[in-house]
Amino acid sequence: MDSKAADTWPASWQTLEHGIRSGRYIDPEFASLEHQKLWSRVWQVAARLDEVPEPGDYTVYEIGNESVIIVRLDGDTVKAFNNACPHRGTALAEDCGSFENSRIICPFHGWRWGIDGVIQYVLERDQFRDGQLNDSDVALREINLEIFAGFVFINFDKSPQSFDEFIAPVRQLIEDLAIGEMHHIWWKSVVAPANWKVALEAFLEGYHVPATHPQLETSSAEFIYGEDVSGDPPQYSHVDHTYETFTHGHGRFLGGQKTPMAGHTQLAGDPVDIMADRLNLLVEGMDAMILKEDVELVRSLKGKPVPEGSTLGAEYMKALYATAAAQQRPMPKPEREVLDQWGGEIFVFPNLMILPQAGNAMMYRVRPDGDDPDSCIFEIYSTKTYPADAAIPRAVVQKMTDVSDPEQFLQIPRQDFSNIPRIQKGLHTSGCKQVWLASYFEQIILNMHQEMDRYLQT
Ligand code: FES
Ligand SMILES: [Fe+2]
C-alpha cells in the first residue's frame, strides 16, 4: 500500500496524549506500514557478537521479508549481507554455522564468494551479460552495520541515521554497565500470539508487578487479590521507581536505593535471609539477572556484623567486587549512579531491553513475525561477565514452542506471558478502541509510540 500521510491516518492508528489507539496493535495495514517505514530504516539488533565468535562463523537474522547473513571475517570485522544469491535468489545461509574454508557457496549452481562478499567463481561466467559481468554486479549486497556493547546493529536504509546520534542518549549507561563484556549463558526464542508491541510493552514498566508477579510483592498482591479491601492500599514498590524517557525513543527505569539489591528490606527477620530469599525468587523464577552464585555470596554475609556507617547492600557490593577482582571478571563501574541501574531496565528503541544486574544482565528482544500483526518473535538472553581465563560458549538460540510450559520457561516469564495473548484478544474486541497509559509509570511506552510515528509519518 501507499503510506498514508499522518492527516489521513484512520482514528484507530493515532497515538493520543494519554493513550494508544488499538488499531496500531491489530491492523494488518499498520503492521505493513511498520515494515515499510520503521524496520526498513531503524537501527536494530541483528545479533550478539557471541553468535559469531570465530572467523567464518555466521548467523542469520530475519525480520519481515528480510533475511541477513551476519558473518565474522576476523577478530575485528563483522559484515552483514543480504541473504540472497545474486544469480537466481537462493538464500545462501540458514540459522547459524560456519562457512568452511571461508567460502560462501550457493547450493543451486555453485557460485562462490569469499566471506568478504567478493565473488570468486561463476560457472560459465561468459554466459552472463554478454561476457561483460562485473564483479560488482554479483558481489553480495552489504548492509550497514555497527558494533556496540557486544551487539551487532544493522540498518537497511541506504543512507541511515548516524548510529552515534541514534545511540547517544543511552550509550554511557550501557557502557558503564559493562554490557559489552557480558557473554552468553543461555538464549531462548518463542513465537507468541500477540503483536510485537504488546509483548514489548509488557516489560516496559514495573507497574504490573504486584498483580502479575504476586510472589515478588506480597503485601500489595494481598491487597489486590485478598478479600479484605477495607484498609488503605499498601505502598506499591513501583512508586519508588524512577522513569525517564530520552530522544530517539529510548528510555529507562530503575529502582535505585529502594531495592533489595541495595539492601533495602521492609520485612521483619534476619536481613541477610530476607535479601537472599528475595533475590533467590529471581534465580528460581528466571535463572537470569540474579544467578545462584550471587545469592550464595549474600548468604556468606550471614553472621558478619555490618560495620558502622555501612549497610548490608554496601557489604554485598564489596563482596561482589572483591570476588570479581579475584576472578579477573569485568564489572560495571562501581559508582552509585551506575549501581542504581541494577534491577531496572534500559530500553533501546525500538525493541531491545537490557536488565542489568551484578555483573550479569538479562535482555529481551521482540520483533514482528512476518507481516502478521497477531504474532511476534520474543527472545530472552541471559548473559554475564566471565573470568579472564574462562571459555565463552558460542551463543546458539534454543527455539521454544510454548511459553506456558514449565519445562521451557520458568515462573516469571510464564506469568508475563499469561497476560500477553489475553491483551491481544481484548484489543481485537469492538469495545476496546484505545488503551490508557499512566503518565509517569508508562511513559516509556508513549515515548516509543511517538518516536515510531516520526518514522511512520515521514
Ligand atoms: S541461484 Fe545461486 S548460483 Fe544459481
Ligand atoms: Fe513482568
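Could you work out the local net charge near D164, counting Lys and Arg as +1, Asp and Glu as -1, over the other residues with Cβ closer than 10 Å to its Cβ?
-1
Which of the helices in the chain, when you take each full DSSP H run, stretch at least 30 Å along the axis at their Cα atoms and have an average Kyte-Doolittle score of 1.6 or higher?
Helices passing the filter in the chain: none found.
In nm, give the distance between the simple-model label positions of V397 and Q172, each being 7 Å from the Cα along the Cα-to-Cβ direction.
It is 3.4 nm.
Trypsin sites (Lys or Arg not before Pro) within region 281-314: which are DSSP loop residues with at most 11 other Cβ atoms inside 10 Å?
K302
Per residue, how much accessible area does region 44-160 show when a 1.4 Å probe rolls over the protein heavy atoms, in square angstrom?
It amounts to 49 Å² per residue over region 44-160.
So, by mean Cβ neighbours within 10 angstrom, what's the order for 401-411, 70-80 with the highest one leading?
70-80, 401-411
Any chance you could look up the accessible area of E181 with a 1.4 Å probe, heavy atoms only, rounded to 10 Å²?
90 Å²
Which FRET efficiency value, to the nearest 0.05, is calculated for D7 and Q235 with the Förster distance at 56 angstrom and r the Cβ-Cβ distance?
E between D7 and Q235, to the nearest 0.05, is 0.80.
Given V52, Y121, N65, which one lies farthest toward the positive end of the charge dipole of the chain, if we put +1 on the Cβ of every Lys and Arg and -1 on the Cβ of every Asp and Glu?
Farthest towards the positive end: Y121.
For the chain, which whole percent of the accessible surface, found with a 1.4 angstrom probe, sits on carbon and sulfur atoms?
49 percent
Order of 244-251, 13-20, 134-141 by packing, highest average Cβ count within 10 Å first?
In descending order of packing, they fall as 244-251, 13-20, 134-141.
For the chain, what number results from the quotient of the Cα radius of gyration and 2.2 N^0.38 Å?
Taking the Cα Rg and dividing by 2.2 N^0.38 Å, one obtains 1.06.
Report, as a whole number in µm² per second, the diffusion coefficient that Stokes-Einstein gives for region 1-111 at 20 °C and 1.002 mPa s using the Kirkwood radius over alpha carbon pairs.
Approximately 128 µm²/s, per Stokes-Einstein.
From the gyration tensor of the Cα coordinates in region 44-160, what semi-axes in whole Å does the equivalent ellipsoid have, largest first, with each one equal to sqrt(5λ)?
For region 44-160, the ellipsoid semi-axes come out as 25, 15, 12 Å.
Express the relative contact order of region 44-160 as a whole percentage, based on alpha carbon pairs under 8 Å and six or more residues apart in sequence.
Once normalised by length, the contact order is 25 percent.
Antiparallel versus total DSSP beta bridges in the chain: what percent is that, nearest 5?
The antiparallel proportion sits near 95 percent.
How much length is gained on full extension from Q327 to Q457, taking 0.36 nm per residue of separation minus their Cα-Cα distance?
41.7 nm
If contacts are Cα pairs under 8 angstrom and at least 6 residues apart, what is the relative contact order of region 65-116 in percent?
27 percent
For the chain, just give the cysteines left without a disulfide-compatible partner, judged by no other Cys Cβ under 4.7 Å.
So far as the 4.7 Å Cβ criterion goes, C96, C376, C432 stand without a partner in the chain.
For region 332-458, what's the relative contact order in percent, using C-alpha pairs closer than 8 Å and at least 6 residues apart?
Result for region 332-458 is 12 percent.
Report the charge-dipole magnitude of region 388-458 in Debye, nearest 20, computed about the Cα centre from +1 at each Lys and Arg Cβ and -1 at each Asp and Glu Cβ.
260 debye
Could you sort M448, M317 by their accessible area in this structure, using a 1.4 Å probe and putting the largest first?
Largest accessible area first, the list is M317, M448.
I want to check the label-to-label distance for R125 and R414. Put each point 7 Å from Cα in the C-beta direction and report it in nm to one decimal.
5.9 nm
The values are calculated or read from the model by the stated rules, or taken from the named source; none is laboratory data. Note that the structure is a prediction, hence the values are computed from the model and not measured. Every residue, glycine among them, receives a Cβ derived from its backbone with ideal geometry; neighbour counts consider all protein chains shown. Heads up: the accessible areas ignore ligands, DNA and RNA and are worked out on the full protein's heavy atoms, side chains in. Shrake-Rupley method; radii C 1.70, N 1.55, O 1.52, S 1.80 Å.
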